[in-house]
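First the structure, in the form of structure tokens, and then the observations on it.
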């Protein structure tokens, strides 16, 4: 088959929420010219990725085909869409396109990695377009929880594809462009082949609420607070930060921004003209001289992150500021599943300080989601009338539900998780190939493969503890002295009440005393045997089998 | 001060949800005769307690005063109330009292630890009482999410205290005694000094719903399912298991119980006469011959536990049974905060199999809480009219809110977290002392202290990886060959692209070559220096500082 085709291939973000990376291509099979949409990260956790700093999609497939990659487009500046760009840009070697605010954030990342700021090119909103190989791509404004979010209008020889990016249908978004159904209808008019669509909130059955809806309740709340008010939200939700700041200002409070991300985002929004009339802020130093009932802190760390401003304030001071009895702490945010423990820890620490915590559980509405709910997804399909819908940006359950929803409306759809290459050329999406995909971990300064076994070994040490067994053999393969054990992460005594290290050394010493010449002369066999004995001895003594490192030194 | 006093001292469960253990005492200060109410566990997690099997309250204070301990009372058979009993019973040396169902579960635990079944004594419900030192204690039936939950009526020389245990106000609990407001009013009539009260749902603003309310919706759901139905809930929620089984039976399905806890709980409920008319169950073996549309599985693992039946079914087969496209999986449960990741993992795995997952998010009501909501807590106070309320069974935020609620009703209250000894003798609770409390970990077969540093070391290895550095010195303190490194949980190469182990050995070798005689002759100094160099070298190479074990062998 040599006829050309239009392909879609998610390398990240389909079958998970996070690390978005979607490839589109057009051309003869295996010779398609390619573009990449988004290049984001996922955040690690202690359960599966202890010590890891960031998680990236495995980009090997695209790196191997970099000669066919014409451009990278970033839909918006959330970390799960832009966070990996600077880590892969050199190896991908294609220009990066984004709108001004997103480009500003992307350039800061490039700069931190020593890449030229010219690596990121600013594009204006639709109808401006970029030519990238066989594709003409435009940034179509759409509302979300960060400024200048855009869908991509991807025009190719086989028609128009709309990649929604993350979105909600918000006609009063506080900051940035309102959702414009007329503009969208106009763009969709020439017929849309495929809508590749955000699936995050497909299980939310009510129409989404506008960002503007939270303002009045926040204002009432802040106005009634007797002490200092501290509020947290996603730093990138510039509209929310503005709403909070204005509520503070109207209550006669001075605004303090705490946390690097909070300052950085507001700075980027002002620099790029997205945010024009943000209330005046005071520095933490100046804030110390202001009576607490006249202060409003806007802080990072709505997800309970241990090092963020909110966690530090919950534990003690931050930048010389401290919360006290009678102050109020507002979570203008939703806890992302998996982050509950960290958030609850903060709430309890604040409770210990006598701070009144307000969140959604109090019955008020201080947060709205940035993603389209189920009825909004239907409205989007009704507006765009695509030939087919490819759900993305969701776990398997979300994609599956979104496919079902689409099919119930009589439209073609495909459930394409990471690595599923679809041919969009026909009347319905067809799976043409499964590509091996995966995850890459940034661990310290090194990128390691998720399947390298490195993190697996760390998890095992965390679960089981670690024993180092040292044996020295002389020129004749005779043990020189007794074996030596060092323990880490293990109890000092077990069942026999003798020191565990003594019990292990005794058992290993007995084995060495009985070991055959053949065993003593064979490093691999000796190591295997010593490991087994150390593990069994520990199992008897303390009821668990530690990880064991055996060090055999031979004098010669 | 030598006058006698009535004391209350939580050793676990106050300032957290889990590992309940409450001490009451009466007598001259420091000579009080004591009783213990409940002795439960908390479950570990990878974040803070990797590899730990169970978490207990630190019982040292009570063990040191065991000669003053007259009895242990268990309010109900949930693990956070009874789970630690067999681990501490020998060291506490007091008789254990519980009602029949709870006693049945407690005895199984005692039996597993080789303790006599006679260690647990069965007590009938109020008005039967037990004499324990200066106290007369009775089990007052109260509704909860497990059979035979009871409040304790603790009568002492200074009056009556009611310890609610976990409870809800449910007059139609499906299994077990309905909440009986008349009985409670009668017990409260002689005046109640203190109500020591469950705080779990103090933030839930609506009155709680009855267990009976979920039956009809579950029945409708099961009746409409085309394939196999699999439902999970807490195994100990015998009423729910019954409701689910009956819904299956009415839909003409054979019932299969999967998971040890599920079978054990139903067995205990039948043995003790709590459960009389449970539908007939079939074995997994027999179930294989039954068409899937005629089967209903009731399985453990509603919290996403990796080894439970639900997780195994989500991954593949369990006892020869397998879920397939078109089957339904019902979570008749709520996800406890912190367990979201595990539950979501299962839902996505089921989605991959094409199984339809139903949980609360679908809009139906398939679960109710077992704890009293805020209005129910108020109703309880209005009924009992205690002189004072001591909130328990809650995190700090719950206790604080419960204190506020109580005070708003014009009643005395105290926020007493673990270790806070209250004197209840006066008109209001008074803090008399702070006792050092904490946690003990069951790690394999050994109990270790939470502050021993063992788990901290394991967490550090998980975050940073581990290096073993081996150095051999001869009789003259001269290094014999080069130092040797073994890595675990670390990448093979870093910045220089040379093997990390080579870089480390090179840097350590250079140091050894330059080291002074004094350093080479001093094990402590040599170890400190080698650690520092290995960590710094790794930091440069891979951007993280591993944990290091240094093994120095001296030939002599």
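Derivation of every value follows stated rules applied to the coordinates shown; laboratory data play no part. Please read these numbers as outputs of a predicted model, since none were measured by experiment. No Cβ is skipped: glycine too gets one built from the backbone with ideal geometry, and neighbour counts run over all protein chains shown.
Between residue B:129 and residue B:496, what FRET efficiency comes out of the Förster formula 1/(1 + (r/R0)^6) with R0 = 56 Å and r the beta carbon distance, rounded to 0.05?
On the way: r = 76 Å, r/R0 = 1.36.
Here the calculated transfer efficiency is 0.15.
Given R₀ = 56 Å, FRET efficiency for residue B:523-residue B:306 by Cβ-Cβ distance, to 0.05? Before the final figure, lay out the partial values.
Numbers: r = 43 Å, r/R0 = 0.77.
Given R0 = 56 Å and the Cβ-Cβ separation, E is 0.85.
Among bridges DSSP assigns within region B:465-554, what percent are antiparallel (round to 5)?
Details: 7 of 15 bridges.
Expressed as a percentage, antiparallel bridges in region B:465-554 total about 45.
Which distances in nm, rounded to one decimal and ordered from shortest, link the label point of residue A:279 to the equivalent label points in the other identical copies, with labels set 7 Å from Cα toward Cβ?
5.9
How many partner chain Cβ atoms sit within 10 Å of a residue's Cβ in peptide A:271-282, on average, as a whole number? Walk me through the intermediate numbers first.
Values: counts 0, 0, 0, 0, 0, 0, 0, 0, 0, 0, 0, 0.
Partner Cβ neighbours, averaged per residue: 0.
Specify whether the C-alpha gyration tensor of region B:218-357 places it in the rounded, prolate or oblate class, a ≥ b ≥ c being the square roots of the eigenvalues: rounded for a/c under 1.5, otherwise prolate if a/b is larger than b/c and oblate if not. Each step should come with its number before you reach the end.
Numbers: a/c = 1.56, a/b = 1.16, b/c = 1.34.
Oblate is the answer for region B:218-357, as a/c is 1.5 or above yet b/c matches or exceeds a/b.
If contacts are Cα pairs under 8 angstrom and at least 6 residues apart, what is the relative contact order of chain B in percent? Before the final figure, lay out the partial values.
Values: 1247 pairs, mean separation 79.7, N = 556.
Contact order relative to length: 14 percent.
Determine the shielding of peptide A:544-551 by partner chains: average, over its residues, the number of Cβ atoms on other chains within 10 angstrom of each Cβ.
Numbers: counts 6, 1, 3, 4, 1, 9, 2, 9.
For this peptide, the per-residue mean of nearby foreign Cβ atoms is 4.
Over the protein assembly as shown, what is the percentage of antiparallel beta bridges among all DSSP beta bridges, to the nearest 5?
Details: 105 of 201 bridges.
Approximately 50 percent, going by the DSSP bridge assignments.
Report the gain in length on full extension from residue B:434 to residue B:217: 0.36 nm times residue separation, minus Cα-Cα distance, nm rounded to one decimal.
Details: separation 217, 0.36 × 217 = 78.12 nm, distance 4.90 nm.
Here the answer is 73.2 nm.
Within 10 Å of each Cβ in B:466-472, how many Cβ atoms from other chains are there, averaged over the peptide?
On the way: counts 9, 1, 9, 2, 8, 1, 5.
Taking all residues of B:466-472 together, the mean is 5.
Helix B:340-352 versus the longest principal axis of chain B: what angle, 0 to 90°, nearest 10, using Cα atoms?
For helix B:340-352, the angle is close to 90 degrees.
Mind giving me the nanometre distance, one decimal, between the label points for residue A:158 and residue B:250, set 7 Å out from Cα along Cα→Cβ?
If labels sit at residue A:158 and residue B:250, their model points lie 5.2 nm apart.
Given the DSSP H assignment, sum -39500 (n - 2.57) over each helix run of at least 4 residues in chain B and divide by its residue total; what's the result at 222 nm in deg cm²/dmol, nearest 500? Kindly include the intermediate steps, with their values, before the conclusion.
Values: 17 runs with 170 residues, N = 556.
Value at 222 nm, helices only, nearest 500: -9000 deg cm²/dmol.
At 7 Å along Cα-to-Cβ for each site, give me the label-to-label distance between residue A:122 and residue B:322 in nm.
5.8
From the Cα gyration tensor of chain A, with a ≥ b ≥ c the square roots of its eigenvalues, which class applies: rounded if a/c is under 1.5, or else prolate if a/b is larger than b/c, or else oblate? Don't skip to the answer; put the middle values down first.
On the way: a/c = 2.39, a/b = 1.35, b/c = 1.76.
Oblate, since a/c reaches 1.5 and b/c is not below a/b.
What angle do you read, to the nearest 10 degrees and between 0 and 90, between the alpha-carbon axis of helix A:215-224 and the longest principal axis of chain A?
For helix A:215-224, the angle is close to 70 degrees.
Kindly state, to the nearest 0.05, the FRET efficiency for residue A:475 paired with residue A:514, given R0 = 25 Å and r defined as their beta-carbon distance. Don't jump to the answer; show the numbers that get you there.
Values: r = 21 Å, r/R0 = 0.84.
It comes to 0.75.
Quick check: Cα centre of region A:416-492 to Cα centre of region B:348-427, how many Å?
With region A:416-492 and region B:348-427 each reduced to a Cα centre, they are spaced 43 Å.
Extension gain residue A:224-residue A:456, at 0.36 nm per residue separation less the Cα-Cα distance, in nm?
Working it through step by step, the gained length comes to 78.4 nm.
For label points placed 7 Å from Cα toward Cβ, what is the shortest-first list of nm distances from residue B:290 to its copies?
Shortest to longest, the spacings are 6.8 nm.
Take each of the peptides A:461-471, A:106-116, B:453-463, average the number of other beta-carbon atoms within 10 Å over its residues, and list them starting from the highest.
Values: A:461-471: 24.9, A:106-116: 16.0, B:453-463: 21.5.
Result, highest mean Cβ count within 10 Å first: A:461-471, B:453-463, A:106-116.
Once the Cα atoms of helix B:454-464 and of chain B are each reduced to a long axis, what angle between those two axes, in degrees from 0 to 90 to the nearest 10, is obtained?
60
Using the Cα gyration tensor of region B:364-489, with a ≥ b ≥ c the square roots of its eigenvalues, what is the shape: rounded (a/c below 1.5), prolate (a/b larger than b/c) or oblate (neither)?
Working: a/c = 5.06, a/b = 2.64, b/c = 1.92.
Prolate shape, in that a/c is at least 1.5 and a/b is the bigger ratio.
Which distances, in nm and shortest first, link the residue B:131 label point to the same label point in every other copy, taking 7 Å along Cα→Cβ?
10.2
Any idea how far apart residue A:260 and residue B:180 come out in nm if each label point goes 7 Å out from Cα toward Cβ?
A separation of 6.4 nm, rounded to one decimal place.
What fraction of the DSSP beta bridges in region B:212-362 is antiparallel, stated in percent and rounded to the nearest 5? Numbers along the way, then the final one.
Numbers: 1 of 18 bridges.
Roughly 5 percent of the beta bridges in region B:212-362 run antiparallel, per DSSP.
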